[in-house]
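Below is one structure; the comments refer to it alone.
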Amino acid sequence: MIQIDKTDFLYKTLVKLGVDKENLDEEYISFASKGITNIKDFNNNLNAELGMDYLGEFDETILEEILTYYKDIKKTKKPKIRLNKLLQKYKEEPTPELRTDIVHLKLHDVLLIACGYKLRHTDINLSDLVQICNIGLLTAIEKYDVDVKLNFDIYINYWILKLITKEFTVRGEN
């Protein structure tokens, strides 16, 4: 059994990510058993879980879907302000306009995560993946605390992975 150290990096990171208290020990053990000891290991693990490091085979229909979605993303108007300032403003006054600006800045990341997962799991619809990744992005925006000083990209990856795992585990059981 892995000893839970509530003072180490991993435990503190999971707390910063907003993991539910009842799931905290379970998630800590899950990550600790993989040998995660620092922020680089943590982020690499999330990327590996999402399949972003996988360059497997894919067919032309997947590529067409990806290109279509990418063209739509390119049409969105990106704000000129930096992400950190947007997140700070959103914390002070959460408005739909600021949330939309943050979403527009991170849509490329959402597509990257969805595509990486799609390449690994060709039986899953890309539009479903993108939708789940978008929900993960919105969840991350709502729960993110700028005062914690946790990298926002890691936070997004965490919430997207959590939702993808939950969604496709539930679907697989039915």
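Coordinate-derived values only; no laboratory data. Keep in mind that this is a model prediction, so the values were computed, not measured. Here the Cβ positions follow ideal geometry from the backbone for every residue, glycine too, while neighbour counts run over all protein chains shown.
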* Likely footprinting exposure, I102, I154, fewest C-beta neighbours within 10 Å first -> I154, I102
* Structure fact -> Working note, the chain: Cα radius of gyration (Å, one decimal) and Dmax (Å, whole number) are 16.9, 51
* Structure fact -> Residues Y117, Y158, Y70 in order from fewest to most other beta-carbon atoms within 10 Å are Y70, Y117, Y158
